[in-house]
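The next block holds one structure in the form of structure tokens; read it before the comments.
The values are calculated or read from the model by the stated rules, or taken from the named source; none is laboratory data. None of the values given here were measured: they were computed from a predicted structure. Cβ: placed from backbone, ideal geometry, glycine included. Neighbour counts: every protein chain shown. The area values use the complete protein model at the heavy-atom level, side chains included, leaving out ligands, DNA and RNA. Shrake-Rupley method; radii C 1.70, N 1.55, O 1.52, S 1.80 Å.
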Amino acid sequence: MNRKLIAGNWKMNASLAGNTALVQAVLAGIGDAACDAAVCVPAPYLAQVQGLLAGSTLALGAQDVSSHEAGAYTGEVSAAMLREFGVRYAIVGHSERRQYHGEDDAVVAEKARQALAAGITPIVCVGETLAQRESGATEEVVKRQMAAVIHTNGHCISEIVVAYEPVWAIGTGKTASPEQAQQVHAVLRTQIKAATSQPGRVRILYGGSMNAANAAQLLAQPDIDGGLIGGASLKPADFLSIISAASNAA
Ligand code: 13P
């Protein structure tokens, strides 16, 4: 079985002083955790956080990557640039980018491709809105989102991480129940198994109001291989407690 992965997504919450305090507090408590852990930080702070993480077991991640390799794309950050700062993971297709920045399935699949080509593990986010869940379309939506990534990346998808993030659970304090999450993770697992000869390498994370209180139950599900943590990753004690739950579930 894969080691579980706990990745913090700081979103647009950071400052030089705040980052130092947060990372130092996490590193002080992480010990030799029996899971993998990462923080996905806003691009301007990559160099700073790379320095803070040097020699530690906490990996560096980005929150997005360009779907283009290089060139006249003002404001974009390429996978090769991220790689220069020691980035190991890049979130792609987060629902906030799909919703507010118009990213469609094809763009998300290209972003995953760019990350993989630069040796960065894309954390591909999929998930349904509340309206889609209520109309019974959850499976169809997440399978369509995954299918685009599989179509563009072929056998390379054994190198990705997937994050199931129901949109209605993000930042709302509403979490999918362990059973609801497991059900969707099992669907994604089946889809991945059909697409690669090495499905066992692919970790499927749950994201959406995962916190210190509910992490253990979610991580105990057979197809939940870790978490993508928003709000709770900004609080060192809470983030450490989720890392500890993942270590115990390993
Ligand atoms: P919250 O943990 O704040 O709900 O955010 C989840 C998320 O979007 C992680 O990418």
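Rounded to whole Hz and in sequence order, give me ³J(HN,Hα) for the range 129-137 from the Karplus expression 6.51 cos²θ - 1.76 cosθ + 1.60, θ = phi - 60°, writing x for Gly and Pro.
So the J values, rounded to whole Hz, are 7, 4, 4, 5, 4, 5, 8, x, 9.
Spin-label point model (7 Å from Cα, Cβ direction): what's the Ala70 to Gln99 distance in nm?
If labels sit at Ala70 and Gln99, their model points lie 3.6 nm apart.
Could you go through the range 45-61 in sequence order and give the Karplus-derived ³J(HN,Hα) for each residue, using 6.51 cos²θ - 1.76 cosθ + 1.60 with θ = phi - 60°, rounded to whole Hz, and x for Gly and Pro?
After applying 6.51 cos²θ - 1.76 cosθ + 1.60, I find 9, 4, 5, 4, 6, 4, x, 5, 8, 3, x, 9, 8, 7, 8, 9, x Hz.
Residue by residue through the range 98-110, which ³J(HN,Hα) values in whole Hz follow from phi under the Karplus form 6.51 cos²θ - 1.76 cosθ + 1.60 (θ = phi - 60°), with glycine and proline marked x?
Each residue's phi maps through the Karplus curve to give 5, 6, 9, 10, x, 6, 9, 4, 5, 5, 4, 5, 5 Hz.
Give the lysines reachable from Lys11 as a straight Cα distance under 20 Å; neighbours fewer than 8 places away on the same chain don't count.
In chain and number order, the partners are Lys111, Lys174, Lys235.
Using just the helices of the chain, give the 222 nm mean residue ellipticity in deg cm²/dmol: DSSP H runs with n ≥ 4 each add -39,500 (n - 2.57), and the total is spread over all residues, rounded to 500.
So the calculated ellipticity at 222 nm is -12500 deg cm²/dmol.
Which far-off residues, 5 or more places away or on another chain, put their amide H under 5 Å from the one on Cys40, with H placed in the peptide plane?
Placed amide hydrogens put Gly8, Asn9, Trp10, Gly61 under 5 Å from Cys40.
I want the local charge near Arg201. Using Cβ-Cβ distances under 11 Å, sum +1 for each Lys or Arg and -1 for each Asp or Glu among the other residues.
It works out to a net charge of -1.
Return the distance in nm (one decimal) between the two label points of a simple spin-label model at Thr57 and Ala25, each offset 7 Å from Cα along Cα→Cβ.
Placing both labels 7 Å along Cα→Cβ, they lie 2.1 nm apart.
Given R₀ = 25 Å, FRET efficiency for Ala43-Glu179 by Cβ-Cβ distance, to 0.05?
Efficiency for this residue pair is about 0.10.
Can you give the charge dipole size of the chain about its Cα centre, rounded to the nearest 20 debye, using +1 on the beta carbon of Lys and Arg and -1 on the beta carbon of Asp and Glu?
320 debye
Under the √(5λ) rule applied to the eigenvalues of the Cα gyration tensor, what semi-axes describe the equivalent ellipsoid of the range 1-96? Give them in Å, descending.
Its equivalent ellipsoid spans semi-axes of 24, 16, 12 Å.
Keeping all protein chains in place and using 1.4 angstrom, which order do Asp225, Asp32 fall into by accessible surface area, from largest down?
Heavy-atom accessible area, descending, gives Asp32, Asp225.
To the nearest µm²/s, what D does Stokes-Einstein give for the chain at 20 °C and 1.002 mPa s, using the Kirkwood radius over alpha carbon pairs as Rh?
It diffuses with D of about 120 µm²/s by this estimate.
Could you list which residues have their amide H under 5 Å from that of Ala90, counting only those 5 or more apart in sequence or on another chain, with H placed in the peptide plane?
Ala62, Thr121, Ile123
For Arg203, list long-range residues whose amide hydrogen, built 1.01 Å from N in the peptide plane, is under 5 Å from its own amide hydrogen.
The answer is Val162.
If each of His151 and Asn248 carries a label point 7 Å out from its Cα toward its Cβ, how far apart are those two points in nm?
Here the modelled spin labels are 4.4 nm apart.
Would you tally the net charge around Thr121, using a Cβ to Cβ cut-off of less than 10 Å, leaving Thr121 out, and scoring K and R as +1, D and E as -1?
+1
Ordered by packing density, taken as the mean number of other Cβ atoms within 10 Å over each peptide's residues, highest first, how do 101-108, 243-250 rank?
The densest-packed peptide leads the list: 243-250, 101-108.
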